[in-house]
Amino acid sequence: MVQRLRKGQDDNRYLILDLDLLPQLEGVTCSPFGAVPKGEEDLSIDARVIHDLSYPKGTSVNEQVQDEPTIIVTYDGAAVLARRILDVEHELPGSARMATGDVTGVFRNSPSQRRSRDHHQANH
């Protein structure tokens with residue numbers, strides 16, 4: 001579990017502080033971490049970290065999300081990226097390059113809520 005939390009810190013996904021600092025941090029909402037089994041491994045060996053953004057009731061991170069966003073975000077999707085690659089290759093033959101990478105965290109940056117998708121489709 002400590003290893004997973006450390007990785008979250010290293011990836012700038014988790015801010016883990018001593019509880020004594022909390023009174024000094026105005027406007028900061030804290031949510032607890034937990035663990036569930038990862039595959040068949042025993043929790044003492046490996047675990048999947050869960051982050052309860054619905055706690056504490058009434059002041060949770062989830063409850064502070066605005067229903068109507070003040071910033072319009074659009075998701076153009078992979079088709080736009082593919083078109084750009086083809087455009088570069090057409091305009092500058094031989095200039096397009098391929099890169100590979102780890103996509104384990106891609107879900108954090110991809111629209112997953114139906115409302116986001118519907119909003120995108122309605123505006124395009």
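We did not get these values from a lab; they are worked out from the coordinates using the rules stated. In this text, all values refer to a predicted model and were calculated from it rather than measured experimentally. Every residue, glycine among them, receives a Cβ derived from its backbone with ideal geometry; neighbour counts consider all protein chains shown.
Potential lengthening of the chain between Phe33 and Met98 amounts to 19.7 nm, from the contour at 0.36 nm per residue minus the alpha-carbon distance. Taking segment 1-41 and a reference point 7 angstrom along Cα→Cβ of Ser60, the backbone N atoms nearer than 17 Å belong to 29-36.
Could you tell me the calculated FRET efficiency between Met1 and Leu21, based on Cβ-Cβ distance and R0 = 25 angstrom, to the nearest 0.05?
Details: r = 21 Å, r/R0 = 0.85.
With a Förster radius of 25 Å, E is 0.75.
Please sort by residue number the trypsin sites (Lys or Arg not before Pro) in segment 1-108 whose DSSP state is loop and whose Cβ has at most 14 other Cβ atoms within 10 Å. Passing sites in segment 1-108 are Arg13, Lys38, Lys57, Arg97.
Strictly greater than 18 Å: what percent of every Cα pair in segment 1-65 meets that?
Working: 992 of 2080 pairs.
Above the 18 Å cut-off, segment 1-65 has 48 percent of its Cα pairs.
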